[in-house]
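Visitor: One structure coming up, written as structure tokens, with questions to follow.
The values are calculated or read from the model by the stated rules, or taken from the named source; none is laboratory data. This one's a predicted model, so the numbers in the text were calculated from it and none came from an experiment. For neighbour counting, all protein chains shown are included, and Cβ atoms are generated from backbone atoms with ideal geometry for every residue, glycine included. Each accessible area value is taken on the protein alone, full model and side chains, heavy atoms only, with ligands, DNA and RNA left out. Shrake-Rupley method; radii C 1.70, N 1.55, O 1.52, S 1.80 Å.
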Amino acid sequence: MNYFGWCIRILNQALKFVHAREHVEGGFTLYSGIPDTKNTYYGLKILHMFNDEPNNREDTINWIQKLQKDKMYGIQGVFYRVNILNIFNEEITVPNSYLKQLSSKSDFANLEVAYYHTVIFHILKLDNFENVIEWIISHQNEDGGFGLGRSDILSTYYALESLNFIDPSLIKNDKQIMGFIQECLTGEGGFTFIPGIYPPYLEPTHAGMKICEILNKEPIDPDITVKFILNLQNHNGGFRRSKYMGISELEYTFKSLHVLKMCSKV
């Protein structure tokens, strides 16, 4: 099989896995149970990345719109709902009381939560970013990375993605950041959460490659990273998070395919 055919086979197997996770009444599932917003978000992100559509498109829109009319719960759930509606270019309605609650936040549990706030504000075209900017910047460490107490690659990704949404000029110390990311790369491909540990996992690997993209840098050693990612594909076409073992999930499949796409392999 030639190189082009090899890439198409990997992608087709993955897309088959994604479509198999569609629920007959709308949304996507982890296995075959009820749909949830997290798996729906990642399922749609994969299809959108490759200009594909879910077979249950209208049912999914109706399902998520119904959920959106319910009470607003945790920020992660709101993040998924708002993004799903945005993918479909559907109207997004959020109660003013909830928006005021979001706007008043000046302290966040971690950089991932700050990222959720940033993306929601970005999608809703709100401009009250002062609090989140100040909080994020205050957590950049001397090694260039971001984190509460010490730097880790996921916190660094969430921080940079947030600042990039708001204003890319807010990102400082590119060389230090890249130096920190380089220290998280393993010799066999794949990144670790912090320097000096083992083994690599998918989440920090996706974060490392995204950081390169945000900073407009070439991917670090893309060939060995691609090799690491390809070893994560299971027989059902989906991807797992570790090279050793694990089940296929839509989140892992999205992050794997996204890395391959950033490396121009799919």
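Visitor: What are the pairs, 6+ residues apart or on separate chains, where a residue within region 17-32 that is on the phi > 0 side of the Ramachandran plot has its Cβ under 8 Å from a residue that is in a strand (DSSP E or B)?
Guide: Here the result reads GLY27/ASP36, each pair linking region 17-32 to a residue that is in a strand (DSSP E or B).
Visitor: Search region 247-263 for residues that are farther than 23 Å from GLU218 by Cα and pair each with any residue that is hydroxyl-bearing (Ser, Thr, Tyr) when their beta-carbon atoms are under 6 Å apart and the residues are at least 6 apart or on different chains.
Guide: Hits for this filter: LEU250/TYR42; GLU251/TYR42.
Visitor: Something else now. Quickly run through region 60-75 and pick out the residues that are open to solvent by 70 Å² or more (accessible area, probe 1.4 Å) and outside any loop (DSSP other than H, G, I, E, B).
Guide: In the first step, residues of region 60-75 are kept if they are open to solvent by 70 Å² or more (accessible area, probe 1.4 Å); the result is 62, 66, 69-71, 73.
If the condition is that a residue be open to solvent by 70 Å² or more (accessible area, probe 1.4 Å) and outside any loop (DSSP other than H, G, I, E, B), then ASN62, LYS66 are the ones that fit.
Visitor: Then there's this: If LYS100 satisfies all but one of (1) in a helix (DSSP H, G or I); (2) within 21 Å of the chain's Cα centre (by Cα); (3) among the basic types (Lys, Arg), what's the number of the condition it fails?
Guide: (2)
Visitor: A further question follows. Any idea how many residues of region 76-87 are open to solvent by less than 30 Å² (accessible area, probe 1.4 Å) and either in contact with a Lys or Arg (Cβ under 7 Å, 6 or more places away or on another chain) or among the hydrophobic types (A, V, I, L, M, F, W, C) (or both)?
Guide: 6
Visitor: Does ILE211 satisfy the condition of being surrounded by fewer than 20 Cβ atoms within 10 Å (Cβ to Cβ), not in a loop (DSSP other than H, G, I, E, B) and not basic (Lys, Arg)?
Guide: Values: surrounded by fewer than 20 Cβ atoms within 10 Å (Cβ to Cβ): no; not in a loop (DSSP other than H, G, I, E, B): yes; not basic (Lys, Arg): yes.
No; evaluated as a whole, the condition is false for this residue.
Visitor: Can I ask one more? Suppose we keep only residues that are basic (Lys, Arg) and loosely packed, with under 13 Cβ neighbours inside 10 Å within region 88-140. Which one would you say is farthest from GLY27 (Cα to Cα)?
Guide: Kept after step one, since they are basic (Lys, Arg), are these residues of region 88-140: 100, 105, 125.
The next check asks that each one be loosely packed, with under 13 Cβ neighbours inside 10 Å; those that pass are 100, 125.
Working: LYS100: 29, LYS125: 26 Å.
Going through the qualifying residues, I end up with LYS100.
Visitor: Could you please find all residues in region 161-196 being assigned to a helix (DSSP H, G or I) and among the aromatic types (Phe, Trp, Tyr)? Even if it seems obvious, please write down each step before you answer.
Guide: Here is the first cut: in region 161-196, the residues assigned to a helix (DSSP H, G or I) are 161-166, 168-170, 174-183.
Those that are assigned to a helix (DSSP H, G or I) and among the aromatic types (Phe, Trp, Tyr): PHE165, PHE180.
Visitor: In addition: Being out of contact with any strand residue (DSSP E or B) (no Cβ under 7 Å at 6 or more places or on another chain), in a helix (DSSP H, G or I) and within 27 Å of PHE193 (Cα to Cα) narrows it down to one residue among GLU142, GLU112; which is it? Reasoning before the result, please.
Guide: Values: GLU142 fails: in a helix (DSSP H, G or I).
The unique qualifying residue is GLU112.
Visitor: How many residues are touching an Asp or Glu at 6+ places or on another chain (Cβ under 9 Å) and either open to solvent by 80 Å² or more (accessible area, probe 1.4 Å) or among the polar types (S, T, N, Q) (or both) if we restrict to region 223-239? I'd like the intermediate steps shown before the answer.
Guide: Filtering region 223-239 for residues touching an Asp or Glu at 6+ places or on another chain (Cβ under 9 Å) gives 224, 227-228, 238-239.
If we keep only those that are either open to solvent by 80 Å² or more (accessible area, probe 1.4 Å) or among the polar types (S, T, N, Q) (or both) as well, we get 227.
The number of residues fulfilling the criteria is 1.
Visitor: Of all residues in region 240-258 being open to solvent by 20 Å² or more (accessible area, probe 1.4 Å) and not in a helix (DSSP H, G or I), which is nearest to LEU44 (Cα to Cα)?
Guide: Among those that are open to solvent by 20 Å² or more (accessible area, probe 1.4 Å) and not in a helix (DSSP H, G or I), it is GLU249.
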